[in-house]
Structure formats: structure tokens, C-alpha cells
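Q: The structure's right below; bear with me while I get my questions together.
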Amino acid sequence: MAVDEVNSVYVGSLPYEANEEMLRDAFGYYGTIVSVKVINDHTIKGKCYGFVTFTHPRAAEQAIAGMDGKKLGNRIIRVNEVRTRGPRDFGRDGFRRDPRSHPKGRDSKDLSSSSDLQNDGKHQLDKTIQMREDLENEVSQIKDKISAKGQHIADLQKKAQKLEDELAAARKVSSERQLAVTDLYKHFLQLQDYNDRVKTAEHRLQSLVDAAMAELDMAEDATTRDGSMYENGVV
């Protein structure tokens, strides 16, 4: 089976119980999986590794960024790109390496180490860029929320000021009405006092009239008696 190095990832340090279903479940989150191969070769120092091939290279990149260094089963797995030139074949005998793809000796180790460092740096850079983009999005969302909250607070302040103005106007009207009621009550008391005085004056006037009428009646009676006495020859 050939491995597409563009769309595939290498998964190393797998637990010995790993199988294709386990890798599909672990890596299916990052994209559609075309094929999975697990190689558990006890003859090569008990190594267990595998390859996951996606339909799109972006899925492979995201799988590397998301799964490298994560725990699968009881082991920390290593996930990186397939470092080959052209497709590789693996079958019953495990992964078949092209002897021309890596030089032998110390130069081969140096190149491999340098390639690992470059890949690690690239992965870290991709993660940092992604984190920065996420933070910028969060900051932008927070700014939008703060702006919306600020506008809402400004609207509430305007409403509060309007209510305070209306309350002050209502208090002024209430005070004016209270003064008017007080003044009206004062005049009512004055009018009541005038009515009482008029009634008292009427009573006094009526008393004077009654007294005068009584005196007139008495005078008329006296005159009548005097006339009668003259008529009867009484001096």
C-alpha cells in the first residue's frame, strides 16, 4: 500500500494494542480519512507505528498540530509529516524504507535531526499563529461587547436623566399645588371667620331691633293709658 506523503501523517510510539479503528476514532475529528495502516512489528525492538491518510493536506496539518504529544491508550504518541520523497510501500514485512531516501552514517542522523527541528519549529509556529488569530478574534469580540455595553449604559444614563428631570418637574408642580391648596384653605378659614362675625353681628342687630320694638310697644301702651285717663276725667 502506498502512502501519500502530502495527505498523510506518521503516528509513532503507538501502544501495542493499537488498531485501525483506534486511529480512525482519534484522528477522524480533523477530516475525512481515506485509509489507516497500523504496523506492529515485534521484530524491530517492539515498535508499533502507523499512518493515517486524509483527503486534504490541511486535515493532515491540523492532525499533526492537534495530536502530536497527546496520549493515546497508555502512551504519548508522536505525530508528524511523512518524511519521504514520493510514496512509500508497506505490506506484510512492515514499512519498507527506500534506501536512497536517507544517506547512511552521521550525515543521515544530522539531516534527520535538522529535519525534526525544522518540523518542530514549523509546528510551533503554526500553533502560535493559530493561537494569535484566536486571541485576536476573542479580543475583537470582547471589544464589540464592550462597545455594545457602553452604548447600552449611555442609553440608560439618558433615560435616568430624563426620569430625574420629569421627577423634578413633578415635584415643582406638586409644590405649587401644595402652596395653592394652603392659600385656598387660608382663605376658607378667613371666609368662615367672616361668616361667624356676620352671624354675631346679625344676632346683636336683631337684639337691638327687638329691644327697640319692645320700647316702642311700651311707649305706645303708656300713651294709650294716658289718653284713657284724660277721657275718663282722671288727672
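The values are calculated or read from the model by the stated rules, or taken from the named source; none is laboratory data. On a predicted model such as this, the values are computed, not experimentally measured, just so you know. A quick note on method: Cβ atoms are made from the backbone with ideal geometry, for glycine too, and the neighbour counts reach across all protein chains shown.
Q: Please go through the stretch 7-29 and give me each residue that is exposed (fewer than 13 other Cβ atoms within 10 Å of the Cβ) and in contact (Cβ under 8 Å) with a residue 24 or more places away in the chain, ordered by number.
A: Tyr16, Glu17, Tyr29
Q: Right, something else. Whether any residue in the stretch 39-47 is over 18 Å from Ile77 (Cα atoms), out of contact with any helix residue (DSSP H, G or I) (no Cβ under 9 Å at 6 or more places or on another chain), hydroxyl-bearing (Ser, Thr, Tyr) and at pLDDT 95 or above is what I want to check. Give the derivation first.
A: Restricting attention to the stretch 39-47, the residues satisfying the condition of being over 18 Å from Ile77 (Cα atoms) are 43.
Keeping just the survivors that are out of contact with any helix residue (DSSP H, G or I) (no Cβ under 9 Å at 6 or more places or on another chain) gives 43.
Checking which are hydroxyl-bearing (Ser, Thr, Tyr) leaves us with 43.
With at pLDDT 95 or above added as a condition, the list becomes none.
No: zero hits.
Q: Could we say that Val139 is part of a strand (DSSP E or B) and either modelled with pLDDT of 90 or more or surrounded by 10 or more Cβ atoms within 10 Å (Cβ to Cβ) (or both) here?
A: So Val139 fails the test.
Q: Quick one: is Gln130 within 30 Å of Ile64 (Cα to Cα), touching a residue at least 60 places away in the same chain (Cβ under 8 Å) and surrounded by 10 or more Cβ atoms within 10 Å (Cβ to Cβ)?
A: Yes: the conditions hold for Gln130.
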